[in-house]
Amino acid sequence: MDANLKKLLPFVKKYKNHVYMNVVFNIFYALFSVLLMVSMIPTLKVLFGDTEKIYEEPKYDGFIHLKSYAEDFLNYKITMLTEENGLKWALLFVISIIISTAFLKNITNYFASYHVTRLRTGVLRDIREKLYNKIIHLPVSYYSERRKGDVMARMLGDINEVQNSFFQILELVVREPLTILFSIITMFVISAKLTLFVIAFIPISGIIISRVGKNLKAKSVKAQQENGIFISILDETLAGLKVVKSYNAENSFTEKFNSSINRLLRLSNSIGNKNNLASPLSEFLGIVTIATLLWFGAQLVVEEKSLSSATFITYIALAYTILTPAKAISKASYQVKTGLAAAERVFTLMEQENTIVNTENAVEKTSFNEKIALENINFRYENENVLKNFSLEIPKGKTIALVGQSGSGKSTIANLLTRFYDVNEGEVKIDDINIKNIQLKSLRDMMGLVTQDSILFNDTIKGNISLGKPDATDDEIIEALKIANAYEFVKDLPNGIHTNVGDSGNKLSGGQKQRLSIARAVLKNPPIMILDEATSALDTESERLVQQALENMMQNRTSIVIAHRLSTIQKADRIVVMQKGEIVEQGTHDELLAKNGMYARLVSMQSFE
């Protein structure tokens, strides 16, 4: 069994009753499909006047003689009806058998489909649920190395492909093969000589069809990867539309997008051609078989007279019914190969190791009492260290400002404190406990983060602000907005705190979005606040309001302030000047100015970036 099929089985197990019922109804469907064809024999015999007249009701002599008993009993009923009521009633009787069998065939088909639908949609929901849970818990570092579009393609397209392809396997291994098996058994009963002739053609057809489907899985993988690329380009285009338009880069992005969808077109056409060839190829091979049967069987009817005309017509109809399941099997087998490729991508992401997890003995820490300490930290994103043997102590209640040129490692410290990344060497401690030994939830509960990018979600102001405290009352939210200098504009909005901010908060200005981000941190009310370049992208007026909001928020808190402008930094209890991952100076604003070193140069240039 394919490895990806094995991985799918735990999801199917939850819905095993639907699997069992689908199999049962498919068995009956296959049986009634064949009986429907067989029920044509008495009708044709009545029409052709070939019915054997039997006037005494036959006796049942056991299963071995079931075929002859069924034929004799049917002939007896037809004889009685013809003798007593005329030919029309006999014909009505055999037609009612056809209608009853057709009804049973189609009702079992409905129930088989009912159960497989419940199975498919249930498994689809469960896989999406588990995959999203994996996506949201994977560390930030995982997504810094991958396209978002590829992750989205796995969640959307690949899972749908798994749903559409894999659950055809139930038809592939139950319904269609059983229909073929029951048909062949019935054909053997009618004429063993003709049936052996048919069976000789089946392996030849299988070999030809399998050759056509060669390399289908590999091409499907490439197509799904390309699907991820084009979704990623679309996502980037929408996210950076203002930049694209302001630089007149529409043609460049259009060319990039068109290049991707043209590659996808070629792959999709190649896959589609092979899929489309499966059905007509299997039908053509079947027709060739039937044409040969007509020639060979005609001799049995006309020359040898070992078969009646009615029986031979039904035999040909049975042989033709094999074509439909044979086509379904060949087409489904191609789609399963595509599904295998999609499943491989889904399970690769689902099985991705999460490196940022709670240790076995992680403790729940609910309070911050003494200090934060970074001890001999070495950290690298790829090969070169961003922080080199870095040590820093941050006492409770103090504001520490980190300044330095771009690439000096300031934001990396914020990433390490929140455990978005883990250190390569050294330790980060809170109250002398390594943060790796603190439960992630309680660690992040102690911290509030305000970044340069004011990330808001397509929700109301209340929904965005209460992210860290879902049970917050309207009064608590309004109080947080006041502290963040945001209530002055929120109260004038049409629906106040219940106003939707739009996609990424695009209905608001940069300063308004930033003040809402600060209000979110205020409402959470953590003992440790991390401000990562929170005012660097704002205009002067917005910065003044945000700056005041930040000062309100930092009161009585331990704060780590990264690369803010002079107004915030000069009030810090200690300023740490960084260069290439190392501390080159530290002290108060006045102490550092007196040293006339790097800090003094940064102040003179009014640049801490």
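Tell me, which residue of the stretch 448-462 that is at pLDDT 90 or above and of a type outside the set (D, E, K, R) is farthest from Ile372 (Cα to Cα)?
The residue in question is Thr460.
Going through the stretch 411-437 one residue at a time, which ones are at positive phi and basic (Lys, Arg)? Even if it seems obvious, please write down each step before you answer.
Initial filter on the stretch 411-437 (at positive phi): 419, 426, 431-432.
Result: Arg419, single match.
Would you say Thr43 is modelled with pLDDT under 90, farther than 14 Å from Phe111 by Cβ and in a loop (DSSP other than H, G, I, E, B)?
Values: modelled with pLDDT under 90: yes; farther than 14 Å from Phe111 by Cβ: yes; in a loop (DSSP other than H, G, I, E, B): no.
Taking the combined requirement at face value, the residue does not satisfy it.
Between a residue in the stretch 523-551 that is over 22 Å from Ile497 (Cβ atoms) and in the same structural domain as Ile465 (by TED's automatic domain parsing) and any residue that is of a type in the set (Phe, Trp, Tyr) and modelled with pLDDT of 70 or more, which pairs come within a Cβ distance under 8 Å, given they are 6 or more apart or on different chains?
Partner pairs satisfying both residue conditions: Pro527/Phe368; Ile528/Phe368.
If I ask for residues that are within 15 Å of Glu393 (Cβ to Cβ) and assigned to a strand (DSSP E or B), which ones from the stretch 414-433 would you list? So that I can check it myself, show each step before the final result.
Step one: list which residues in the stretch 414-433 are within 15 Å of Glu393 (Cβ to Cβ), which gives 416-417, 426-433.
The answer is Gly426, Glu427, Val428, Lys429, Ile430, Ile433.
Please state which one of Asn269, Asn276 is assigned to a helix (DSSP H, G or I), surrounded by fewer than 16 Cβ atoms within 10 Å (Cβ to Cβ) and at pLDDT 75 or above.
Working: Asn276 fails: at pLDDT 75 or above.
Of the residues listed, the single one that is assigned to a helix (DSSP H, G or I), surrounded by fewer than 16 Cβ atoms within 10 Å (Cβ to Cβ) and at pLDDT 75 or above is Asn269.
Restricting to the stretch 361-409, and then to whatever is under 16 Å from Ile438 (Cα atoms) and of a type in the set (A, V, I, L, M), can you tell me which residue is surrounded by the fewest Cβ atoms within 10 Å (Cβ to Cβ)?
Initial filter on the stretch 361-409 (under 16 Å from Ile438 (Cα atoms)): 361-374.
Narrowing the set further to residues that are of a type in the set (A, V, I, L, M) leaves 362-363, 372-374.
Details: Ala362: 19, Val363: 12, Ile372: 22, Ala373: 17, Leu374: 20.
Among those that are under 16 Å from Ile438 (Cα atoms) and of a type in the set (A, V, I, L, M), it is Val363.
Every residue in the stretch 459-473 that is without any contact (Cβ under 8 Å) to a residue 24 or more places away in the chain and small (Gly, Ala, Ser), please.
If we filter the stretch 459-473 for residues that are without any contact (Cβ under 8 Å) to a residue 24 or more places away in the chain, which is where we start, we get 463, 470-471, 473.
Once the filter is applied, which keeps residues that are without any contact (Cβ under 8 Å) to a residue 24 or more places away in the chain and small (Gly, Ala, Ser), the stretch 459-473 yields only Gly463.
Do you know which of the residues in the stretch 526-540 that are modelled with pLDDT under 85 and within 36 Å of the chain's Cα centre (by Cα) is nearest to Asp475 (Cα to Cα)? Explain how you work it out, then say what you get.
The initial filter retains those residues of the stretch 526-540 that are modelled with pLDDT under 85, namely 532-540.
Narrowing further to those that are within 36 Å of the chain's Cα centre (by Cα): 532-534, 537.
Working: Asp532: 28, Glu533: 29, Ala534: 26, Ala537: 30 Å.
Filtering first and then ranking leaves Ala534.
Mind listing whichever residues of the stretch 215-243 are modelled with pLDDT under 70 and either within 16 Å of the chain's Cα centre (by Cα) or surrounded by 13 or more Cβ atoms within 10 Å (Cβ to Cβ) (or both)?
Leu216, Lys217, Ala239, Gly240
With the requirement that a residue be touching a residue at least 60 places away in the same chain (Cβ under 8 Å) and among the polar types (S, T, N, Q), what does the stretch 480-503 give you?
Of the stretch 480-503, the ones touching a residue at least 60 places away in the same chain (Cβ under 8 Å) are 483-486.
Answer for the stretch 480-503, where residues must be touching a residue at least 60 places away in the same chain (Cβ under 8 Å) and among the polar types (S, T, N, Q): just Asn485.
The values are calculated or read from the model by the stated rules, or taken from the named source; none is laboratory data. None of the values given here were measured: they were computed from a predicted structure. Cβ: placed from backbone, ideal geometry, glycine included. Neighbour counts: every protein chain shown.
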